[in-house]
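Data first, discussion second: the structure below is written as structure tokens.
What follows is calculated from the coordinates using simple rules that are stated; it is not laboratory data. Model, not experiment: these values are computed from the prediction. Counting neighbours? That spans all protein chains shown, and the Cβs are built from the backbone with ideal geometry, glycine included.
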Amino acid sequence: MINLKQFTIGLLTLLLGVIYYVLVRNPGKVYAIQGINWLWLANLNNFHAINVAMRFLSPAFLHSCSFSLLTASILSEGGDRKYIAVCLFWAAIGSLFEFGQYLKPDILAKYFDLLGVGWLIELTYHYFKHGTFDIFDIVNTILGCLIAYKIMLFTKEQEAI
Amino acid sequence: MIKKELLLTMARCAAIVCLIAVGVFAIIGSAETNRYSRPSYTPSKYSEVHNYEVSVVDIDNNPVKGATIEYKVFDNKTFHASGKYTFQNTSSINRAPYKLSPDSNETYFRYELKVSPDTTYSSWIDFKSKLEYVMLADGYYETSGALTSDYGSYFTGSAYTSESPKSTSERIVQKKVRLYKPIDYFSNEFLNIEKDAKLKSKVIAFVDVIKVQGYLSDAYLEFHSINSSEFKNNKYLKFRFDNSITYNSLKLNKYDIAKHIFDDVIRKILNPLNDYISDPKRFYGYDLTVIGHTKSFADKYASAKAIEYRFYIPEGAVKSYKNKDISGQQLIDKSIILMDDERIDLKLQ
């Protein structure tokens, strides 16, 4: 049904991303993970290896890598083309949002009242408006997809369960 | 079979769509909410470090050598630690107050506490700590107190309001604890002129009693206030008290306040005064000054006005009052009472 190896690696990478936000950023103020008590994860600060890893990792890298792997793991059959398509898709998504921080489209402000999704549009608007465009984030996004692609190839031989 | 495959494909598609939604949301939601004026419900920090620095000095601001502090430390409301520390190095009290290396300066007692967040209330993230102390030193009166800190605490606000700071204290809470000796209550003049050591020790015994046994709950014997005074050719032993109660001027006039002060302060100290310091050959009586305070309670901005009440009470009358030979009114009648330096009569009923 799913490629368990890819799924597990993807999930672990995603967890690493959460740990990054808990240890390096300010988890109480990060919208996606606020409201959850992450204090227990703070103990990871005591592990030197994790502290070192946090210096070299970037959220953009972890995001594109994990979601590429998770998406690939759900596909019915792993094929190079499908893997490339998945990686390109997530690289495009990551890069688009990064460019959004450069362009800062004000047009979104008109749709804050849109039924059901207005809050999401408002959140996106603020993300673009207050976020900082960084070319290294795009590099990290692409790098994450490339690493994910490599992992997909390594784990491709495994029979999907 | 085909139907099952179709369902499986649909489930895969749904899972991928969900994954994309989560992935996109993870990007948007990764930015910090304080930029978006969103509420925050979890602590932004896992702990705060609170520092306490306590020094001990005497009335002249000199360090007290060999003083011991017994302390209890609380992390929020939870007991954290207790202990004792003896101040050794007293050469310079003002040295490097912000250096926290433990061995560089023993003039201060320092305690560094890692405070965990108190998330009892969703709108407040509290980092509170408390240090309770009892300060002891040979020849000084024991003193106790508590220091608190809320450094790092903040108010997260209601939904869609931006955060505002809540802490009022600094990261380092400093306190200079003052220890007093019995002779700190003597005026310099009295110490220099009065050669009678026996009388001094009697006065010290009296001060000990009113301080330790807590005869006065709302009045304080002022420092350097014990002296001798003369009035109408009679010699009196002088004590000066400050009454901490502020009376309502709308309900009580100056005379009513005088009655209250007689009941609340003077009456209470007459017994120990007569027990410990009774020397008719040296003193005709006691000169007891009490500073009373009054203000209008209707005006919340009104500041209290001080009134000086001075009771010149003959020692013999105090003895008679103590032996229940005369009443409180008769004692007053035998005394001279000045209110802001004007002689008054006082009727208790």
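Counted by neighbouring Cβ atoms within 10 Å, the residues A:Phe97, B:Phe297 run from fewest to most as B:Phe297, A:Phe97. The order of B:Met135, B:Met339, B:Met10, going from fewest to most other C-beta atoms within 10 Å of their C-beta, is B:Met10, B:Met339, B:Met135.
In the structure displayed, which of B:Lys176/B:Lys254; B:Lys198/B:Lys268; B:Lys211/B:Lys251; B:Lys114/B:Lys175 lie more than 29 Å apart, Cα to Cα? Over 29 Å Cα-Cα: B:Lys176/B:Lys254; B:Lys211/B:Lys251. Lysine pair count for segment A:4-156 with Cα-Cα distance under 28 Å and sequence separation of 8 or more or different chains is 10. Cross-link check: pairs B:Lys235/B:Lys324; B:Lys77/B:Lys305; B:Lys281/B:Lys324 evaluated at a Cα-Cα cut-off of 29 Å; pairs beyond the cut-off: B:Lys77/B:Lys305.
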